[in-house]
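See structure below.
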């Protein structure tokens with residue numbers, strides 16, 4: 001009988017040791033490489049982050065919008081390190097120069113072909129158990145946004161031409177395109 005091959009467990013030190021220009025995320029000790037984003041991805045990222053930041057500023061809110069690459073240390077361990085496309089953090093005590101320590105209030109991931117499984121499965125489970133209040137999966141290929149309101153245990157889907165309600169801000173709706 002062959003011995004089971006032990007899977008290597010990576011740590012945040014391994015992330016910081018990556019060559020310049022190479023990016024990866026770390027979920028429960030497993031490293032996931034990150035491909036460069038497409039132009040469509042970047043256009044959606046900029047548009048959403050601008051709309052959210054403008055809204056927060058207009059309401060004189062305390063939440064901060066952070067865009068990738070921005071480190072989020074979800075758990076108090078050295079085997080989880082993610083760079084969500086957009087992280088909205090309302091508790092400034094979680095923020096320092098390295099990133100966010102703990103769960104952001106709202107995370108938005110923009111799906112690319114190489115990130116689909118991670119965004120829809122791996123990260124969904126991780127965010128749901130880490131204390132993220134709201135998680136959006138924006139899928140340009142399907143022209144759909146899936147919204148997980150973890151506090152209410154509700155999942156909703158919206159096409160890109162529909163206004164998507166923001167759960168952490170009552171009365172705020174965003175059109176993806």
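Just the residues that are touching a residue at least 12 places away in the same chain (Cβ under 8 Å) and surrounded by fewer than 22 Cβ atoms within 10 Å (Cβ to Cβ), please, taken from the stretch 82-99. Hits for the stretch 82-99 are 83, 90, 91, 92, 95, 98, 99. Of all the numbered requirements in (1) surrounded by fewer than 19 Cβ atoms within 10 Å (Cβ to Cβ); (2) farther than 22 Å from residue 37 by Cβ; (3) out of contact with any helix residue (DSSP H, G or I) (no Cβ under 6 Å at 6 or more places or on another chain), residue 102 misses one, and that requirement is (3). Scan the stretch 62-71 residue by residue and report those that are out of contact with any helix residue (DSSP H, G or I) (no Cβ under 8 Å at 6 or more places or on another chain) and either farther than 30 Å from residue 16 by Cβ or not in a loop (DSSP other than H, G, I, E, B) (or both). Within the stretch 62-71, just 66 meets the criteria. Looking only at the stretch 39-49, decide whether some residue is over 17 Å from the mean Cα position of the chain (by Cα), surrounded by fewer than 14 Cβ atoms within 10 Å (Cβ to Cβ) and in a loop (DSSP other than H, G, I, E, B). No, there is no match, as no residue in the stretch 39-49 is over 17 Å from the mean Cα position of the chain (by Cα), surrounded by fewer than 14 Cβ atoms within 10 Å (Cβ to Cβ) and in a loop (DSSP other than H, G, I, E, B). May I ask you to list the residues in the stretch 25-38 that are in contact (Cβ under 8 Å) with a residue 60 or more places away in the chain and outside any strand (DSSP E or B)? Within the stretch 25-38, 28, 34, 35, 37, 38 qualify.
Considering only the stretch 128-177, give the strands (runs of 3 or more DSSP E) lying wholly within it that have at least 3 residues that are at pLDDT 95 or above and under 19 Å from residue 47 (Cα atoms). In the stretch 128-177, the matching strands (runs of 3 or more DSSP E) lie at 134-139, 144-149, 163-165.
Taking the conditions (1) surrounded by 17 or more Cβ atoms within 10 Å (Cβ to Cβ); (2) touching a residue at least 60 places away in the same chain (Cβ under 8 Å); (3) closer than 24 Å to residue 39 by Cα in turn, residue 114 satisfies each one other than (1).
Kindly indicate whether residue 105 is on the phi < 0 side of the Ramachandran plot and modelled with pLDDT under 95. Spelling it out, it is not the case that residue 105 is on the phi < 0 side of the Ramachandran plot and modelled with pLDDT under 95.
The values are calculated or read from the model by the stated rules, or taken from the named source; none is laboratory data. It should be emphasised that the depicted structure is a prediction, and the values quoted were computed from it without experimental measurement. In this analysis, Cβ positions are derived from the backbone assuming ideal geometry, glycine residues included, and neighbour counts consider all displayed protein chains.
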